[in-house]
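The values are calculated or read from the model by the stated rules, or taken from the named source; none is laboratory data. These numbers come from a predicted model, not from an experiment. Cβ placement follows ideal geometry from the backbone for every residue including glycine, while neighbour counts extend to all protein chains displayed. Calculation scope for accessible area: heavy atoms of the full protein, side chains included, ligands and nucleic acids excluded. Shrake-Rupley method; radii C 1.70, N 1.55, O 1.52, S 1.80 Å.
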Amino acid sequence: MTHVYLPQRSASIPTLRQLSCFKQAAEHATFTKAAQSIDMSQPAFSSAIRELELTLGVTLFDRSLRRVRLTPAGESVRSQVNWIIATFDQGLQDMLKRLQYQSHVIRVHCIPSFWQWIAPHMARFQQLHPEVHFRLDDKHSDNLLEAMLQGHIDIAVGPQRHTPADIDSRLIRTDEILIAISKHHSLTRQSKLHWLDLRDQALVVLQRGSAYESIASLLQEQGLDVNRHQNLSSIESLYAMVHNNLKIGVISELNKQAHWDPELCYLPVTRPQLARKICLMKHAKRAEMPLLVQSFWDMLCDTL
């Protein structure tokens, strides 16, 4: 159990309402005018001043004259009261601005190969809601679920894994795994390709994210070597190897569509056919989810 230290106060402290009444009384000739300036009744205003004086144990105003004036004790705390109120007002404004900004920010994480599908929906949503700001992240999905559970992401698009119960997941795409080869490669003449047909071929897989894990696992099960003496993470590097018949590229359908090269052949491979499931995800139990985030989620669910 966590214990929080709270200092003990030997006496009551003034309320913000009482201090606000003091500030107005110091700026007006009578309690009546001061009360009117903050839409309070005169009896309630006078009562607040009396409560403040009792709390502080001093008389703050001289009421013996027709015009109410500060006593020396009142004058001595006037600047401090003004500072307290000004600080509170500024802090309140900053808090409201921060909350307003957060309510208009939608934090979206998407795997790089899927941005071309989600970006048009973001543009359409921003036209409907110009106040929205998208905070974008295209890092790979290794820590995606953890970041979502911790509340760092509002909406994510990524591969389906062992999704916890706290994550709301909707299947939006099946992403088949293909091979990319030069048009002059001998494999282009085969009507069907099986993974075993690639046993003696030099393969290259982008060594990043869940796509790599899925592909590497399948190839190893088929007795195929994967990424020996190489550590490539960009599609440009992979394509350079493929163009020169140094390697056969193993990529996903999404990567092919995002990085289409007309000089290459993209062929499906069966036995077994490998595909990963791409899902739309959000935290399922975050009741405080801003309305705009929920609206964007609903749009994506209806259109993707």
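One table, with the values for the structure above:
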{"item": "Filtered residue count, region 122-152, keeping only those that are touching a Phe, Trp or Tyr at 6+ places or on another chain (Cβ under 8 Å) and either surrounded by fewer than 16 Cβ atoms within 10 Å (Cβ to Cβ) or part of a helix (DSSP H, G or I) (or both)", "result": "5"}
{"item": "Unmet requirement for ALA180, which otherwise passes all of (1) closer than 22 Å to LEU264 by Cα; (2) assigned to a helix (DSSP H, G or I)", "result": "(2)"}
{"item": "Within region 229-304, strands (runs of 3 or more DSSP E) holding 1 or more residues that are charged (D, E, K, R) and in contact (Cβ under 8 Å) with a residue 24 or more places away in the chain", "result": "275-283"}
{"item": "Residues within region 59-95 that are more than 18 Å from PRO14 (Cα to Cα), open to solvent by 100 Å² or more (accessible area, probe 1.4 Å) and outside any loop (DSSP other than H, G, I, E, B), tallied", "result": "2"}
{"item": "Selection status of LEU254, closer than 30 Å to TRP195 by Cβ and surrounded by fewer than 20 Cβ atoms within 10 Å (Cβ to Cβ)", "result": "no"}
{"item": "Residue within region 232-247 that is buried (at least 17 other Cβ atoms within 10 Å of the Cβ), of a type outside the set (A, V, I, L, M, F, W, C) and either in contact with a helix residue (DSSP H, G or I) (Cβ under 9 Å, 6 or more places away or on another chain) or under 30 Å from LEU300 (Cα atoms) (or both) present", "result": "yes"}
{"item": "Hits in region 161-171 (condition: at pLDDT below 85 and buried (at least 16 other Cβ atoms within 10 Å of the Cβ))", "result": "ARG161"}
